[in-house]
Structure formats: structure tokens, C-alpha cells
Amino acid sequence: MYLSELKLWNFRKYGIIGDSFDTAVPGLTVTFKEGVNVLVGENDSGKTTIIDAIRYALRTQSGEFIQFDEKDFHQNINGKRASEFKIECLFDGLSPQDCGLFWEWIELSETTPKRYVLRTRLYVKYQDNTIKPTFSVGSSVSSETMDATARELLKIVYLKPLRDALSDMTHGYKSRLAQILSSHPIFQEQKDEFGNKIEHQLELSYKEISQKINNYFSKEQGSPIVQEINDFLTKHFLSEGDTRTASVNLTGSELSDILRQLDLVLSGNKSGLGTLNLLCVAAELLLLKNQTKGLRLALIEELEAHLHPQHQLRLIEYIINEPTQQQFILTTHSITLASKVKLKNLIIVNDGDVYPMGEEYTGMTPSDYNFIERFLDATKANMFFAKGVIMVEGDAENLLIPAIAEAIGRPLHRYGISIVKVGSKAYRRYASLYSRKTDPHFSLPISIIADIDVRCEEYYKETNIKPNIWAKGAILDNLEAINKDLDYGTLPKYISSKEELKLFLSQRWPQGLTGKTETIKSLVNVLSNDNSITPNTASLDEYRLYQISKIEEEINRDNVRIFLSPNWTLEYEFAKSKLYKLLAFALNIAKFEQGNPIELLGNEFIQETWTNIETNYRDESLDGPNVYSLFKPINNGSVSKAICAQYLAEAIAGRIDCIKQSNDNFNEWVQDALETDPNIKYLADAIKYVTTYNAK
């Protein structure tokens, strides 16, 4: 059996939906899978509230004392605190053995015929300065109490955050290690055929050791020490006639006493916090693994506590691949762990809601899941912990966006925004992460910054080639001449590749593709240079507007917005903008660095470079041919985009002294250009979208 659903009414940050508590919809419903469930999200997103609700309702194997607090009751936006809260747990996947254990309280599933489920309910009321909890089980119309023996079978294993592994795994009256060991089958009480208790081997061995120690201090070398203590007591402290004497011996003889005296240690030198934490986790998971009845659920907060990344990976690898029927509900702030877990096992906690990432909840295709899991690394997994996300295509944007954000007065770290470099056109895949089949829909703001990638007229003139862009009107007659059976009315206004046309044809071919290969090949081959569009400014501008509209319609949904370069690429937009001088400076510095990798850039060289830029470029902006001329070294790869972007970011941020000092209003000039220049304004707009949303 496993915990399949958790519902919360008026518990902490989650209130109710409705006016009456008795009929209200829960403020939060969380669905869990069998196996591994990982809660990810920023601080105070609600992960601990979910974990605490489960352990409050089910209690823990360690028998920790749970004290309800006034702040467990939800406080609304007007500051009024609720007087009651409720936590409901639904258990599914009951085996025949589970049904037998909980037969009095199970009910038929509302969603799956001929399937039994178990429902428990913790109701807590605050009245007359007293907090009164009530635990019940069964359906809402026939709830009743559960006996103590059965409730013990619902207790969970719980590892708290920042756990004190040293204390838990060392000896003492409250030793957690002793509790874990006593639950193992080899330490269970055994009886003979007459019902008499059989002493455990440890108890027998302990008696032998205890007797030897007693003899040492009473009859052998240690006896003088005990005698000195007794003489001192009699002479100085005990009353006249008090005949009591002290002795040195081992206390306790029962198995539970023995187990409390044990420590769990690794051989060798004293262990660090990370190793002790692994010992603690290993012991707790041993307890879970050896449970044979009831619920086998482990809650682990901050799985990564005290562990370096390699240990984190080995631990999560074990949990993911553990074959036995156990359930894990974990929380983490580790991007290493978040990138390792399958997407379907993640539950994103954000803005008062939860978003399970399984196939039944998202708009992702199987191909999307496979793609993202192939490339989801720690640098991308930070999106799961952010208040907003900016997706970018490459290194240049990754380097520039933080500098631009600072220049317009919206530093990303202040707003909790993560930048995720997704590469090429993969933003379509990553955007699908935030599409939902069911409510709730993500409120997390997502900006995507991408290039429209339509070359300029000067490029086509210089290379004397024609673009791979075909207008519908120019190719329609050729298509119909080959085959008139297809409906070409839905053909897009522009076709940008033979693959795009082939896909269109294959999706619309009547009675499938059998025997039509040669005809489709003929149709696709009508796309030749002869009928591609004429690459002039007017035709290219019209195609750009079409592409921008098409992509925006495809991508923009819910809180996802795409911001496209209006002409070509990010670097081309800067060359076309009022900040082109900063790009020219960055290009020259990057070119020098690439050609002189072991030379340091001196202030004199930087000053001289900027002076030459100001001398050679005097206009506020460049015309078309000069824009392309400036951009050309980046386009043909003779200058590194990344190095150029690094120095451009430094210049925009005002960290190049000679540039900043050359303009008394440098900061205002840069900010105004970023926010108003039509060529680069899309970058500032993308930043404003995610930061304005989070400022609400």
C-alpha cells in the first residue's frame, strides 16, 4: 500500500475554498505515486508543510512527540486565524494482506472499480485555549476510531532536515539506533513451545561480560578502587548506621537496555557530518526495508543534508532503483538531485500549489520527456527552485542577460530569477514543461529569449545565394500540377525547408503513405532556388513578421511568453541598435584576446581601443550595410560569440572605466537604449515580464 493522496483544510499556508469548513474544498490536494516522489521548490514554497501534514496525521516510527501549535492553523489575508484544520490521507494499492489488516475501515475506490482504499483523517480544533486532535478512519459518512495496533501499522519513517546523525546513531536512553535495531526481525522476542521467553544470544553474552566486570571490581584488581569509594562514603557522607555500599557493574540486562548502549560507527578515524548522515540514512532505510506489514513510507527532508554531490547521486540512485515495495517522499534544494530524478517523479511546489510532473498532468509528449531527461543537468534544474525563469538559446544570452537586468534596475538575484540555457530551438521542449492538462496551471512566469534567425539582405547580396524560404503562392501551381487530390488550402503562408513541406504532405495524404513515396518526393522537390523568395528588405521583413506571429502563437500560453529578436540574432540586433559602439568595442577586445591568449589586457590598450571606436563611429546608429559589416566577424565565426558577449556585458554593466567616463550620463544612456531601442528592447521586455510578475 502507498499514500496516494493528501488533502489539507486550513493547515498552515493552505486554507479552504468555500465559506463553510464542513463543505469546503481543501486548500491543497497532493497526489503521490508509488515509489519515489520528490518535492522541489524555493524556500517557503510549502514543501515542509506537506511533509509535516503527513507525519502529524500518521505519526513516526521514532515516536517523536508532536506538539500542535497555534500557527498550524491557517491565517487568512485579513490576519484572522482559523479555529480548526483537517488532514486527510488516502491509501491505495492495498494488497490482500493489507485488506486483512484494515478490513474494518477499507472502502471501495471512487475512481477504480473493485479496488479497495483506506482513508484516514486528522481533525484538530482550537477551543478555549486548548488544541484538541481527533483521529478517525473510513469514509466521511462512516468514520470511526482505529485501534492502536492498526494505527501502529501506518507509522512512517521520518528523517528531519539538518538531522543530528551523531546523536541518533550513538548510545543513550533515546537512541534512534536502538529503536531501529529493536524493530529488526532478529531482535524480535522468541518463545519456546511452552510460551516461555527465549533469551536472545546478546542477552546471554551480556550476562557473561557483566559477570566478568562485576568480578573485576568486587574480587579482582578493581576491588581496591571500590573499597576506597565506600570508605570515603562511610566516613564523610553516609549517616551513622547506614550500611549501604557502592559497586561498579553494567546496568540493565534486557535486550532493549543492551541495544541502547550501542553506537553505529565507521572504522577508522572520527567521521564527518556527511558520513554520519549516510550511516543514519542507511539505518533508517534498513528499518523501512524490514517492515513486513502495513505502510512502508519514508519521508526524508533535504536528502542532501551534509552530503557532497557524489554521495547525493549514489543515495538517490539507490532510492530510485530500490526494487522492494516502498514509497519515498523526499524534499530537496539540490539541483544535483533534481537533475537526476525522472521528471515523472517530480512534484514542483510553487506559489501555493503543487504541480506533479507525471504524464497524466502535463502537456508533454513522450518524446519531450525523453529529450529533457537526456539534457537536464544541474545548470538547468535550477529552474525548479526559481520564482521565474528566463530561457535562452546560447552562451551570449546567458552572459548578457544578467548585465542587462542590472542596467535596467532589475537584478535577477533580487527577484529570484533563474537563467536556463537550453540551446538552439530546444526552448519548445522546455516550454512544454510548463504546459498542463489539468488545473492548476503554472503561475510561474517564463520568458523565452530566442533569435528569429532571418538573414539580412546584405548577406544574400554578398553570398549570391537565395534563402530557403518559399511563399505559398510561388509554389502552389507547381504542387497542383503534380497532384490535385491534396488540400493545399491549409498550406502555411511560407515553407522554410523541404522537411517542413514533407511533414505537411505526409499528415494530409489520403489513405496513408503506401505507394506514394515517389509522388511526395516530386512534390517536395518543387522547392528549388528558382522559386524561393527574392531576398530584399521588403520580402524579408514580411517573412520575419509572419515567423514572429507564428512562433508566438505556438509558444505563448498561460504564463509562458517568447521574446524574439526582430531581425536576425542577438548580436545583429546590438549592431543595429544605439549601443553598437559597445559591441564594436567588445569585438575588438575579443579579437585581440583570441589572437593573443597569453597576453594580459592592459588599461592602455583598452583605452586606445575605445578611443578608436569613438573616432571611427560617430553616428548614433549604423545603416544596413555597416550593420552587417560590423556583425560579419561574429556571423562567420572569426570572433567568438561567448568572448564578445562577455566584454559586451562588462561594458553594459559600466565596468569598463574608460567607456563609462566618456559619457556623463552613461547609465541613463544605456538604460534608455535597452528599454526603447526597437532592436534590443525585446531583451529588456523579457526581463521585465518575469520581474514585474514577481513584484506583484
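Summary of computed values
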read-out: First in segment 248-263 and in contact (Cβ under 8 Å) with a residue 40 or more places away in the chain and basic (Lys, Arg), second anywhere and open to solvent by less than 70 Å² (accessible area, probe 1.4 Å) and part of a helix (DSSP H, G or I), Cβ under 8 Å, 6 or more apart; value: 260/178
read-out: Residue in segment 317-338 that is exposed (fewer than 15 other Cβ atoms within 10 Å of the Cβ), under 30 Å from residue 670 (Cα atoms) and among the polar types (S, T, N, Q) present; value: no
read-out: Of all residues in segment 664-673 being open to solvent by less than 10 Å² (accessible area, probe 1.4 Å) and in contact (Cβ under 8 Å) with a residue 60 or more places away in the chain, the one that is nearest to residue 585 (Cα to Cα); value: 670
read-out: Residue satisfying condition, being part of a helix (DSSP H, G or I), buried (at least 18 other Cβ atoms within 10 Å of the Cβ) and among the β-branched types (Val, Ile, Thr), within set 551, 562; value: 551
read-out: Residue within segment 454-473 that is open to solvent by less than 10 Å² (accessible area, probe 1.4 Å), touching a helix residue (DSSP H, G or I) at 6+ places or on another chain (Cβ under 6 Å), in a loop (DSSP other than H, G, I, E, B) and under 18 Å from residue 424 (Cβ atoms) present; value: yes
read-out: Odd one out for residue 378, checked against (1) open to solvent by 10 Å² or more (accessible area, probe 1.4 Å); (2) modelled with pLDDT of 90 or more; (3) of a type in the set (A, V, I, L, M, F, W, C); value: (2)
read-out: Matching residues in segment 393-425 - criterion: being touching a residue at least 12 places away in the same chain (Cβ under 8 Å) and under 19 Å from the mean Cα position of the chain (by Cα); value: 412, 415, 416, 417, 418, 419, 420, 421, 422
read-out: Candidate set from segment 179-204 (those that are open to solvent by 90 Å² or more (accessible area, probe 1.4 Å) and touching a Lys or Arg at 6+ places or on another chain (Cβ under 7 Å)); member that is farthest from residue 259 (Cα to Cα); value: 191
read-out: Any hit, segment 592-601, residues being touching an Asp or Glu at 6+ places or on another chain (Cβ under 9 Å) and assigned to a helix (DSSP H, G or I); value: yes
read-out: Failed condition for residue 243, given (1) open to solvent by 90 Å² or more (accessible area, probe 1.4 Å); (2) of a type in the set (S, T, N, Q); (3) over 30 Å from residue 189 (Cα atoms); (4) part of a helix (DSSP H, G or I); value: (4)
read-out: Residues of segment 255-282 satisfying the condition of being modelled with pLDDT of 75 or more, touching a helix residue (DSSP H, G or I) at 6+ places or on another chain (Cβ under 7 Å) and either of a type in the set (Gly, Ala, Ser) or part of a loop (DSSP other than H, G, I, E, B) (or both); value: 256, 260, 262
read-out: Residue within segment 520-531 that is among the basic types (Lys, Arg), in contact (Cβ under 8 Å) with a residue 12 or more places away in the chain and out of contact with any His (no Cβ under 9 Å at 6 or more places or on another chain) present; value: no
read-out: Number of the condition not met by residue 686 [criteria: (1) over 30 Å from residue 446 (Cα atoms); (2) open to solvent by less than 20 Å² (accessible area, probe 1.4 Å); (3) touching a residue at least 40 places away in the same chain (Cβ under 8 Å)]; value: (1)
read-out: Strands (runs of 3 or more DSSP E) wholly inside segment 289-376 containing at least 2 residues that are of a type in the set (Ser, Thr, Tyr); value: 327-332
read-out: Residue among 676, 691 that alone is open to solvent by less than 50 Å² (accessible area, probe 1.4 Å) and either in contact with a Gly (Cβ under 7 Å, 6 or more places away or on another chain) or not basic (Lys, Arg) (or both); value: 691
read-out: Qualifying positions in segment 602-624 - in a helix (DSSP H, G or I), modelled with pLDDT under 90 and closer than 24 Å to residue 636 by Cα; value: 624
read-out: Tabulated pairs, segment 469-494, first more than 24 Å from residue 454 (Cβ to Cβ), second among the polar types (S, T, N, Q) and open to solvent by 20 Å² or more (accessible area, probe 1.4 Å), C-beta under 9 angstrom, 6+ apart or interchain; value: 482/519; 482/522; 483/519; 483/522
read-out: Residue within segment 27-47 that is surrounded by fewer than 19 Cβ atoms within 10 Å (Cβ to Cβ), in contact with a Phe, Trp or Tyr (Cβ under 9 Å, 6 or more places away or on another chain), under 15 Å from residue 125 (Cα atoms) and in contact (Cβ under 8 Å) with a residue 60 or more places away in the chain present; value: no
read-out: Meets criteria (at negative phi, more than 47 Å from the chain's Cα centre (by Cα) and modelled with pLDDT under 90) for residue 522; value: yes
read-out: Residues of segment 608-663 satisfying the condition of being buried (at least 18 other Cβ atoms within 10 Å of the Cβ), farther than 19 Å from residue 567 by Cα and touching a Phe, Trp or Tyr at 6+ places or on another chain (Cβ under 8 Å); value: 609, 610, 613, 647, 648, 651, 656, 659
read-out: Entirely in segment 95-164, the strands (runs of 3 or more DSSP E) that have 3 or more residues that are modelled with pLDDT under 90; value: 157-159
read-out: Pick from segment 222-240, criterion under 29 Å from residue 212 (Cα atoms) and of a type in the set (Ser, Thr, Tyr), ranking: least open to solvent (accessible area, probe 1.4 Å); value: 223
read-out: Top-ranked residue in segment 205-221 [being of a type in the set (S, T, N, Q), open to solvent by less than 90 Å² (accessible area, probe 1.4 Å) and closer than 25 Å to residue 178 by Cβ; ranked as nearest to the chain's Cα centre (by Cα)]; value: 205
read-out: Scan of segment 479-491 for residues that are assigned to a helix (DSSP H, G or I) and more than 30 Å from residue 567 (Cβ to Cβ), ordered by number; value: 479, 480, 481, 482, 488, 489
read-out: Residues of segment 410-440 classified as under 20 Å from residue 647 (Cα atoms), open to solvent by less than 50 Å² (accessible area, probe 1.4 Å) and not aliphatic (A, V, I, L, M), total; value: 1
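Residue by residue, here is whether (1) farther than 20 Å from residue 131 by Cβ; (2) touching a helix residue (DSSP H, G or I) at 6+ places or on another chain (Cβ under 6 Å); (3) assigned to a helix (DSSP H, G or I); (4) not acidic (Asp, Glu) holds:
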| position | (1), (2), (3), (4) |
| --- | --- |
| 19 | yes, no, no, no |
| 56 | no, no, yes, yes |
| 65 | no, no, no, yes |
| 71 | no, no, yes, yes |
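The values are calculated or read from the model by the stated rules, or taken from the named source; none is laboratory data. This one's a predicted model, so the numbers in the text were calculated from it and none came from an experiment. Glycine also receives a Cβ, built like all others from the backbone with ideal geometry; neighbour counts cover every protein chain displayed. SASA here: full protein model, heavy atoms, side chains in, ligands and nucleic acids out. Shrake-Rupley method; radii C 1.70, N 1.55, O 1.52, S 1.80 Å.
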